[in-house]
Amino acid sequence: MNCSASAGQDSVSGATLLNPSTTGKEETVKCQFVTREGTYKLFKGDNCRTTVVGYTPQTNTPVKCSFSGDLICFNAAKELYVCNYKGIKNATDLNNPIDKRSYKGLYPTCHDFNVFADNVHLLVGLSAGQIQLMDPIKKEFCKLYNEERVIDKTKVTCIKWVPGSMNLFLVSHSSGQLYVYKEDLPCGSTTPHYQLFKQGEGFAIYTCKTKSTRNPLYRWVIGEGSINEIAFSPCSKYLATVSQDGFLRVFNYDTMELVGRVRSYFGGLLCICWSPDSKFVVVGGEDDLVTVWSLQEKRVIARGQGHKSWVNVVAFDPYTTTVRDAVDSANEAFGEESETPATRSENISHSLNDSNHLQHHSSTSSSSTIPSLNRNHCGSPSIEFNNHSTHLTCNTVNKSPIINSSRNSPSSIITSYRFGSVGQDTQLCLWELTEDIIKQPVGRSRTSILLHSPTNGSQHPLNSSSSHVSSSAQQSAYCSNLTSTDKCHNTLLPSQTGNCLPNNCNYLDPDVYTDHTTNTISSSTSSTGNNSFTNKHGQTRKEHKKNFSLASRNSDKNSLNKASHSKLNDDPIKLLGTSICPRLDEVPLLEPLICKKIAHERLTALVFKEDFFVTACQEGYIFTWVRPNKWENMQIAPSPIPSIDEEAALVDDNESTVV
Amino acid sequence: MGGNISQLEKELNCESLTVNEHYFGLVNFGNSCYCNSVLQALYFCRPFRQKVLEYKAKNKRVSQNKETLLTCLADLYHHIATQKKKTGTVAPKKFIARLKKENVVFDNFLQQDAHEFFNYLLNTIADLLAAEKSGNQTGPTDNNGKNNSDSNRTWIQDIFQGTLTNETRCLNCESLSSKDEDFLDLSVEIQQNTSITHCLRVFSNTETLSSEHKYYCENCCSKQEAQKRMRIKKLPMILALHLKRFKYMESQNRHTKISYRVVFPLELRLFNKASNKGGDDKLYDLVAVVIHCGPGPNRGHYITIVKSFGFWLLFDDEMVEKMDVSSIEDFYGITSDTQKSSESCYILLYQARESMLSS
Ligand SMILES: [Zn+2]
């Protein structure tokens, strides 16, 4: 049994629990905070934040950050910056960018990197609906999509490369529509004519009548109101969307089938993140809550209350995650993985019949026709994964000395997840999803895959024939597990190389682990009086069983041909008390591990990296927070490390410079 | 102005709006926007408007001629609702004159507090209705054995009244006592960079009564330390939330505005229901927002945004404009602590949603 940095320290006394009743007092802005694993500190290098001239926080374009290797891209008001970003290893001058673009009459709203060979392709979504594709390094080209705005006139809300693809990308708009673009196709100057391709509960997918000669290839109409964020699962099999209508929808991307749904307690859902192993989805929104959904069980398993306003960003921290070796889990994983290719090919052939020769499906039937569509075209699976995951950097995985050893123990499973959230309340919350919460009710049969490979595309016929991946289904499943495990073990890296663990922590002693878990649970629930979740485990499970008796039935009902009932099935009043939207007392209500005011303006970005994490706020500041015991890695000496208990306020100059 | 109206009408036609709805601006009679904004917000609270129009219809038949604030309001709403055109302006002259006659507070040309007016209007209507009811109920109809508070219940209570329960637990003997309190609207303390739902949740936080604030426990027959919390026992059909944006500053001897940014969702549930028993938590939809623009209670302007048939409209005295839903965020307030003036939400009206099945 292994034990990570987060599990090592038994004491939670260092962590400050938010008392939601603490109100009225003006809180100071924190530049450091303590968790079980140690002290996180704001990197005070002079260049770690940027001052955006002419920016007013009233403008509604959240500052977002995209990373790719040593590159960071962020938007602030009418400007887009691409900078070298060495994290804490080198001073970064965000005011001296590699590429900076100013837009007139519109704003950049979102962006996504794609890196292959030595090309860096950056997609930028704009507020009037257009999409820009550029290479910020070589600056050789710059393409515009939806230039005439005939495809969609509304704001681009999120843009994502299709995992493993060099030329397919998805664009979501505030109109509630999502388009699949192919990089080398023209957009045309007339409104596209669509025909219905597939529909289901609360969504419909159309294809362009002109077949695959122009963009978009597909148009997904999802729910009502703006699609606020989209996210591919790290295994790249699933696409999840959150909308203003309050729904999280999870689709099997290739078969275009709705796999599951969550309804917010109330209000729109604003943000989304997958767990590194693709098992859980966390969403945040206008109900001030974070909500955790289990792909396996197709139900909401927990909510978190700690924010004082809307939750703008949720992000898993794959580096602070507890991993455990579990021999039996290996068998489970294999059993389930081996089922998958069959199911998958069935679905694919089904969709092929419907679509005749739709572009991205056709790629699955033949490797030679459209090689550019190969979702695994560019390099080895692990690089693939890293390029497209927002949670892991490619460098760390590849450099990691742990990787090789981890291949000997592919059966590790994550037992406790860490994730963070930032919101309009200017606060950062860190949350822990412990084993007690993620453990399934006894006796429930597993209905979905335990461990998804980040390169699930390797099960495509095309990919199996690729030289990178073994063609045997069994072996490719095994590889899949390996890759997932790499990820898990990578999360162990900080604990095994860092000094933050107490020397007496016995990694192999199961009791240490158990103690830790219990400790966390009790600390996270102790101050909620009306919380039905207790650490009397048996009781908790009983409640789950009782309250979620509908769960299996509901998930079975997600048949796609029942669109006629979709209005009724979307009724939030009817959904309350179901696995899609449980009542407040029907699932554990988590409290944050820590909850800190870390900015003056509402926070708009949160990205976890190996040695640090990055936050951004509406004012246009980018903040780097150094993880515990990572200060010695820094070449630039920071200001003297304050003592653990010190909670100094940010220096005054952070407040200024807002025009 | 005429151009503006036809522009709105054009936009409404573009929406292929076939419903019979009227969007009329109200003429300002010198700082009467506090009144106009509330009248517009209430007009678009369908249950309220419906009752006012019913009252008008009933009054016609009964030919009751005594002018009250309610008859003036009924005339005004009726006048708007029976216009041939969909858009235009109306002068609420009679209503304003009646208001000034009835209450000296409003008998001037100063800017008034819209919430004060809102509260005054609802209470006056409730009193008028209760008086009419007891006047009619002389005779055989009175023997149904209802208690006083029930017989005083009017459609104002049916629409706006909710019940708070004050729970106090004696820390000495652990006995719990609770006291119910009815409300027509909730006045909510606000904090910077929060949501209205958070501010409402804080409302219910447990408070410890100690030292000079000790609680007299009937069980212990002495003053004891106690824990108190306020929860919502009964949710109203229309939840009216008043944001406490005007704070009295002793140093300046006047009220000053708190322009904090408080976000409000288009849909909400309350976190502080006393219990989940007795039906589901109501899901509310935002139907109208009264917005205060400017630096203080006696300086500034009031406007209203309302939702009607799926789209949003902005009413600024005689002006009416269609508004994109994304513009609502302009009215959350501001994050700057130095700037006091703002266009920020002041009264929020949420209406309980009926299930799609039952409607
Ligand atoms: Zn007592």
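Couple of notes before you dig in:
- Residues whose amide H comes within less than 5 Å of that of A:Cys581, counting only those at least five positions distant or on another chain, are A:Arg263 (H built at 1.01 Å from N in the peptide plane).
- Other residues lying with their Cβ under 15 Å from the Cβ of B:Ile196 contribute a combined charge of -3, Lys and Arg counting +1, Asp and Glu -1.
- Relative to the dominant Cα principal axis of chain B, helix B:69-81 is inclined by about 50°.
- Protection proxy ranking of A:587-600, B:81-94, A:301-314 - average other beta-carbon atoms within 10 Å, highest first: A:301-314, A:587-600, B:81-94
- Net charge of neighbours whose Cβ lies under 10 Å from the Cβ of B:Gln7, counting Lys and Arg as +1 and Asp and Glu as -1: -1
- Set B:Lys179/B:Lys233; A:Lys64/A:Lys100; A:Lys574/B:Lys273; B:Lys233/B:Lys282; B:Lys56/B:Lys94; A:Lys30/B:Lys247 screened for pairs whose C-alpha atoms are more than 21 Å apart: A:Lys30/B:Lys247
- Taking 7 Å steps out from each Cα toward its Cβ at A:Leu144 and A:Glu224 produces label points 3.5 nm apart.
- Residue-count net charge about B:His301 - beta-carbon cut-off 11 Å; Lys, Arg +1, Asp, Glu -1: -2
- Gain on full extension, evaluated as 0.36 nm per residue between B:Lys133 and B:Glu212 minus their Cα-Cα distance, stands at 24.0 nm.
- The range B:5-358 - Rg (one decimal) and Dmax (whole number), Cα, Å: 22.0, 71
- Projecting label points 7 angstrom from Cα along Cα→Cβ for A:Asn119 and B:Lys94 puts them 7.5 nm apart.
- Stokes-Einstein D in µm²/s, Kirkwood radius over Cα pairs - the range B:154-311 at 20 °C with 1.002 mPa s viscosity: 119 µm²/s
- The tail of the calculated P(r) for the range A:79-214, taken as Cα-Cα distances beyond 26 Å, holds 27 percent of the pairs.
Read the figures in this text as sums done on the coordinates, not as results from a lab. As the structure is a prediction and not an experimental result, all values here were calculated from the model. Quick reminder, even Gly has a Cβ in these numbers, built from the backbone with ideal geometry, and neighbours come from all protein chains shown.
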